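Trainee: Could you have a look at this structure, given as structure tokens, before my questions?
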Protein chains: 2
Amino acid sequence: MDSTVKAPDNRSLLIPQFENISTLSDREMTLLQALEQDARHYPVNATLTAEGEFSDRLFMLKSGWACATRILADGQRQVLDIFLPGQILGLREMGMRHSLTEFYAMTDALACPFPKQRLTEIFEQSPKLTDLFFLAMAREQSMLIERVTNIGRRNALERLAHFIVEIKVRLTLRNMPFELPINQSMLGDTLGLSSVHISRTFKQLKTLGLLDHQNGNLHILDLEGLIELSGFDRAYLDTSPEWTRL
Amino acid sequence: MDSTVKAPDNRSLLIPQFENISTLSDREMTLLQALEQDARHYPVNATLTAEGEFSDRLFMLKSGWACATRILADGQRQVLDIFLPGQILGLREMGMRHSLTEFYAMTDALACPFPKQRLTEIFEQSPKLTDLFFLAMAREQSMLIERVTNIGRRNALERLAHFIVEIKVRLTLRNMPFELPINQSMLGDTLGLSSVHISRTFKQLKTLGLLDHQNGNLHILDLEGLIELSGFDRAYLDTSPEWTRL
DNA sequence: CGGCATGTTGACCATATTCAATTGAAGTGG
DNA sequence: CCACTTCAATTGAATATGGTCAACATGCCG
């Protein structure tokens, strides 16, 4: 029920993430805070950046879920990233004038747009923050290669299970309760499956006693079961201790 | 026949790439050159870094092909990246102590190992190079999302065609002739298909008059046909003008 | 109450996998 | 130079997995 708008307090989401890895100076904290000013509200399905559109901005996601999608020539859609609060949207398009993908809000969301230029300025002023942004991007890539593996080599059952565990882990790292504000059509477009097959696969996971649907909310009944079934590898999302302290 | 060892000259591969986007000072060139010292020879199938192994090094690939792979619990393999000369191997593992994936030489290769630390030093000394490395990583991610799209939403025929075009484009950007030193089993593991199906799909592409096999060498007969069939989008690999000049 | 979006189900079909046999090409050693 | 081995590629047959289409159910919101 609550991936919705909140964070009226202007507490930074970046600072705690980064301090987890390194110690920041006041100056560095100020630089980060500048990226989290002027939160704007985006209602469900609002577009932040359209595919192909000129864009010189990134977005710091303060609350809610967002995603990046790509539409193929024949109208099919592929979801490329699912963003949770604290992530920056568009890092991979730093060097591009036009967006390769559409970014949009999957739930009501708060996000702070800021010019790409500002990141470059940070690189000029703080090598440590540079490292940290580099790491953020590396972590994003790690998620992406997991997705490639997931889609490339697992069947529907394992794939869906894996995805659910991934989301569960990412939410847990943020101290957020599990939820899945994604319809089955988009889930299909995320996992390379049809929406119909997502429905069947959910049913299968329920039959196996791993999941449960209660009044519209999805519940994980057996996380370990899901992990085992999907062959999930924790390493790729864990922060410390695997991530080097700087 | 010639993705093999050469480059006895110690000409930098990074400098021209980067100068394509920005102008470098002498100091910056020196920093880059330091990454391309001490080329080591890796024979076909040699491992540069094993999966799960401790690693504090990256590799600058001078010649030959390399790749990153991941082995699943059930023994299946997924190829995650294919690296061509001029690329840096391991960028996404900058912050990790242990490698998520295996890196190995697909052909005879020359590569220069250097400590991750050196990249951090570059960040400290040159914001411009920082930008450029950030962009290199962004470009890598762009390739990755194309792969996700490819595997997630295209059928075998389109997928293989798309892959071939991608390789063709990347080789052309390097002024290298087209070749494909990859066996069908690995191709399958790259594209999320079985090796048997790769064989059948090749046959189909030949029947369509798009490809040809001459004494063991693959030839592209109709690049435009492949592009159209696969829905290939040039934007994601082009360097200028899409990539911002810094 | 009605309308629209989302999810579920069944029947049928398409696509790709698996398994096994065969062919082919590239070394290797006699 | 010719078996002989080995590994990759090819082919066919049977099977599995997931897609498509269409009907129907459900839930939400106005």
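Trainee: Could you tell me which residue of the range A:72-89 is surrounded by the fewest Cβ atoms within 10 Å (Cβ to Cβ), considering only residues that are more than 10 Å from chain B (Cβ to nearest Cβ) and at pLDDT 95 or above?
Mentor: The residue in question is A:L84.
Trainee: Within the set of pairs 6 or more residues apart or between chains, which connect a residue that is among the charged types (D, E, K, R) inside the range A:199-221 to a residue that is within 10 Å of DNA strand C (Cβ to nearest atom) with Cβ atoms less than 9 Å apart?
Mentor: Short answer, once both residue conditions are applied: A:K206/A:H213; A:D212/A:K206; A:D212/A:L218.
Trainee: Which ones in the range B:115-141 are more than 10 Å from every other protein chain (Cβ to nearest Cβ) and either outside any helix (DSSP H, G or I) or free of Cβ contacts under 8 Å to residues at least 60 places away in the same chain (or both)?
Mentor: Within the range B:115-141, just B:P115 meets the criteria.
Trainee: While we're looking at this one, here's another question. Would you point out which residue out of A:L144, A:L110 is at the interface with chain B (Cβ under 10 Å from one of its Cβ atoms) and away from DNA strand D (no atom under 16 Å from the Cβ)?
Mentor: Just a single option satisfies the conditions, and that option is A:L144.
Trainee: Would you check if B:M94 is surrounded by 19 or more Cβ atoms within 10 Å (Cβ to Cβ), within 8 Å of chain A (Cβ to nearest Cβ) and more than 30 Å from A:I71 (Cα to Cα)?
Mentor: It is true that B:M94 is surrounded by 19 or more Cβ atoms within 10 Å (Cβ to Cβ), within 8 Å of chain A (Cβ to nearest Cβ) and more than 30 Å from A:I71 (Cα to Cα).
Trainee: Taking into account only those residues within the range A:167-211 that are more than 16 Å from DNA strand D (Cβ to nearest atom) and among the polar types (S, T, N, Q), which is surrounded by the fewest Cβ atoms within 10 Å (Cβ to Cβ)?
Mentor: Step by step, filter the range A:167-211, then rank; the result is A:N175.
Trainee: List pairs: first residue in the range A:151-163 and more than 11 Å from chain B (Cβ to nearest Cβ), second residue near DNA strand D (Cβ under 10 Å from one of its atoms) and assigned to a helix (DSSP H, G or I) anywhere in the structure, Cβ distance under 7 angstrom, at least six positions apart or on different chains.
Mentor: Hits for this filter: A:A156/A:H197; A:A156/A:T201; A:L157/A:T201; A:L157/A:Q204; A:L160/A:L191; A:L160/A:I198; A:L160/A:T201; A:F163/A:L191.
Trainee: OK, next. Could you please let me know if A:F123 is in contact with a helix residue (DSSP H, G or I) (Cβ under 6 Å, 6 or more places away or on another chain) and farther than 17 Å from B:E93 by Cβ?
Mentor: So A:F123 passes the test.
Trainee: If a residue has to be surrounded by 17 or more Cβ atoms within 10 Å (Cβ to Cβ) and either away from DNA strand C (no atom under 13 Å from the Cβ) or in a loop (DSSP other than H, G, I, E, B) (or both) to count, how many in the range A:212-224 make the cut? I'd like the intermediate steps shown before the answer.
Mentor: Of the residues in the range A:212-224, the ones surrounded by 17 or more Cβ atoms within 10 Å (Cβ to Cβ) are A:218, A:220.
Still in the running and either away from DNA strand C (no atom under 13 Å from the Cβ) or in a loop (DSSP other than H, G, I, E, B) (or both): A:220.
Residues meeting the conditions: 1.
Trainee: Yes or no: A:L110 outside the structural domain of A:E19 (by TED's automatic domain parsing) and in contact (Cβ under 8 Å) with a residue 12 or more places away in the chain?
Mentor: The answer is no for A:L110.
For every residue, the table says whether it meets (1) of a type in the set (F, W, Y); (2) under 19 Å from the mean Cα position of the chain (by Cα); (3) within 14 Å of another protein chain (Cβ to nearest Cβ); (4) within 19 Å of B:P115 (Cα to Cα).
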| residue | (1), (2), (3), (4) |
| --- | --- |
| B:E19 | no, no, no, no |
| B:M29 | no, no, no, yes |
| B:Q33 | no, no, no, yes |
| B:R40 | no, yes, no, yes |
| B:M60 | no, yes, no, yes |
| B:R70 | no, yes, yes, no |
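The values are calculated or read from the model by the stated rules, or taken from the named source; none is laboratory data. Everything quoted here is computed from the prediction, not taken from an experiment. Positions of Cβ are backbone-derived with ideal geometry, glycine not excepted, and every protein chain shown enters the neighbour counts.
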